[in-house]
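In what follows, a single structure is set out as structure tokens and then discussed.
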Amino acid sequence: MLINFHGVGGREGLTLRTYIFKRIVICIFVLWIVATLNFALFGTDPMADIFEVDFWGRTMDPNIKEMLIQSYGTYGPLFYRYLCHLRNMFTYGLVPPYFGWSSLDWDFVSIGMSRRLPVTLALIGTSFAITVTLGILIGVFTATKQGTRKDLMITASSAFTWSVSIIITALMAKFIIIYLFRRCGILIFPVADLTSMPHPTGIALYADIAWHLTLPIMCLVMAGLGSWILRTRGILLDALTQDFISTAHVKGVSERAIAFRHAFKSVLPQISTMIASSVPALITGNMIIESIFQIEGIGNWYIKVVYPPFGMPVRLLDTAATQAIFFIYANLAVVLNLIADIIYGIFDPRIRVGVRR
């Protein structure tokens, strides 16, 4: 039995399933390209970057070293090492070698990732939810007030915040907080680390983490809000010029109902595409924020300054962690784009016309 999507059945229902299948195949191909680039860019022999003793004198268990050699296919030909690399990436750290050995954590990458992932998800998830919600609401509001003073003020401020780099936003936020602290002796928000010293316990720990993450989240929201307001306003202004909107006006439908129930519903596929296309910029911004505010998250794991017990600080590249993070972020972007394509295919059958040919 063929599934009917909004009255689409028979051959068109089959076309939708073909469209989804083709998109999934394309996503798998893209991830294979990403994994291959990982193999080519970060070295074909991961064991070359692993030392038996690190800066702090920690030694590697010989059994772990042997397992890594076997999992990486170190002594095999290049093509065999490439196949081992693909297996290690597409098992997503669930089986040995668990995404590889972290030269920074001196442990398996999947263990370090599981420890840092909740922090990064809290940063990305909270900031993204606030940005999208406020951006859509304000964007719809400005579209209904086109040409008014409120519209001009919001549009101008949104364009300004959109043009300012997130690096400048974060550094200025830190400068203001530090200046107020030195001037007034009041620390409104912490400007570094994830928790206070000494670490609180119980519920106080979660409240302390939320306090430390407030300023980074505000910076991420500030960096992305202007873009969402302007883009939502643009697509909604186009929707408000359609014939069905004029018909709703003639029927006496209220402005709020026209904006949210009619115009906004018609642009939902474009909103879903905006969500998917915003992920790469959000990930990049999160990496910058974690680095500036010295937050131990996934984004701050790429290149880290370590302080050995002797000598100068060293900027260390954690190759295995970088490979894993790059691949996971690519998966996230690809999956979200796939979801956006499927939503677009369901709501707008016109884009599936090419599937029949």
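Does ILE229 count as in the same structural domain as PHE160 (by TED's automatic domain parsing), assigned to a helix (DSSP H, G or I) and under 29 Å from the mean Cα position of the chain (by Cα)? When the stated conditions are applied, ILE229 passes them. Checked against the criterion of being in contact (Cβ under 8 Å) with a residue 60 or more places away in the chain, of a type outside the set (A, V, I, L, M) and buried (at least 19 other Cβ atoms within 10 Å of the Cβ), the candidates THR126, THR131 yield just one match: THR131.
Yes/no matrix, rows are residues, columns are (1) modelled with pLDDT of 85 or more; (2) under 25 Å from SER71 (Cβ atoms):
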{"site": "PHE5", "(1), (2)": "no, no"}
{"site": "GLY9", "(1), (2)": "no, no"}
{"site": "TYR19", "(1), (2)": "no, no"}
{"site": "TRP32", "(1), (2)": "yes, yes"}
{"site": "ASN38", "(1), (2)": "yes, yes"}
{"site": "LEU41", "(1), (2)": "no, yes"}
{"site": "ASP45", "(1), (2)": "no, yes"}
{"site": "ASP54", "(1), (2)": "no, yes"}
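For region 240-268, give me the residue count where each residue is part of a helix (DSSP H, G or I), of a type outside the set (Gly, Ala, Ser) and either under 26 Å from TRP228 (Cβ atoms) or modelled with pLDDT of 70 or more (or both). Adding up the residues that qualify gives 14. Which of the residues that make up region 71-85 are in contact (Cβ under 8 Å) with a residue 24 or more places away in the chain and either more than 10 Å from PRO46 (Cβ to Cβ) or over 32 Å from the mean Cα position of the chain (by Cα) (or both)? Within region 71-85, THR74, LEU78, TYR82 qualify. For region 201-226, the set of residues classified as polar (S, T, N, Q) and over 28 Å from the mean Cα position of the chain (by Cα) consists of THR201 only. Tell me yes or no: at least one residue of region 147-160 is outside any helix (DSSP H, G or I) and over 22 Å from the mean Cα position of the chain (by Cα). Yes, some residue in region 147-160 is outside any helix (DSSP H, G or I) and over 22 Å from the mean Cα position of the chain (by Cα).
The residue of region 59-85 that is modelled with the lowest pLDDT, among those that are under 24 Å from PHE29 (Cβ atoms) and surrounded by 15 or more Cβ atoms within 10 Å (Cβ to Cβ), is GLY73.
Return the only residue of ALA204, ALA192 being hydrophobic (A, V, I, L, M, F, W, C) and touching a Lys or Arg at 6+ places or on another chain (Cβ under 9 Å). So that I can check it myself, show each step before the final result.
Numbers: ALA204 fails: touching a Lys or Arg at 6+ places or on another chain (Cβ under 9 Å).
The unique qualifying residue is ALA192.
Looking only at residues that are β-branched (Val, Ile, Thr) and modelled with pLDDT of 90 or more in region 198-231, which one is farthest from ALA281 (Cα to Cα)? So that I can check it myself, show each step before the final result.
Filtering region 198-231 for residues β-branched (Val, Ile, Thr) gives 201, 203, 209, 214, 217, 221, 229.
Those still in the list that are modelled with pLDDT of 90 or more too: 214, 217, 221, 229.
Numbers: THR214: 20, ILE217: 15, VAL221: 12, ILE229: 16 Å.
Only one residue tops the list, namely THR214.
One residue is enough: does region 105-112 have a residue meeting the conditions of a type in the set (A, V, I, L, M, F, W, C), within 30 Å of THR214 (Cα to Cα) and either outside the structural domain of TRP32 (by TED's automatic domain parsing) or modelled with pLDDT of 85 or more (or both)? Checking region 105-112: at least one residue is of a type in the set (A, V, I, L, M, F, W, C), within 30 Å of THR214 (Cα to Cα) and either outside the structural domain of TRP32 (by TED's automatic domain parsing) or modelled with pLDDT of 85 or more (or both). Restricted to region 189-204, and to residues there that are assigned to a loop (DSSP other than H, G, I, E, B) and free of Cβ contacts under 8 Å to residues at least 12 places away in the same chain, the residue that is surrounded by the most Cβ atoms within 10 Å (Cβ to Cβ) is PRO200.
The values are calculated or read from the model by the stated rules, or taken from the named source; none is laboratory data. This structure is a prediction, so every number in the text was calculated from the model and none was measured. Cβ sites come from the backbone with ideal geometry, for glycine too, and all protein chains shown count toward neighbours.
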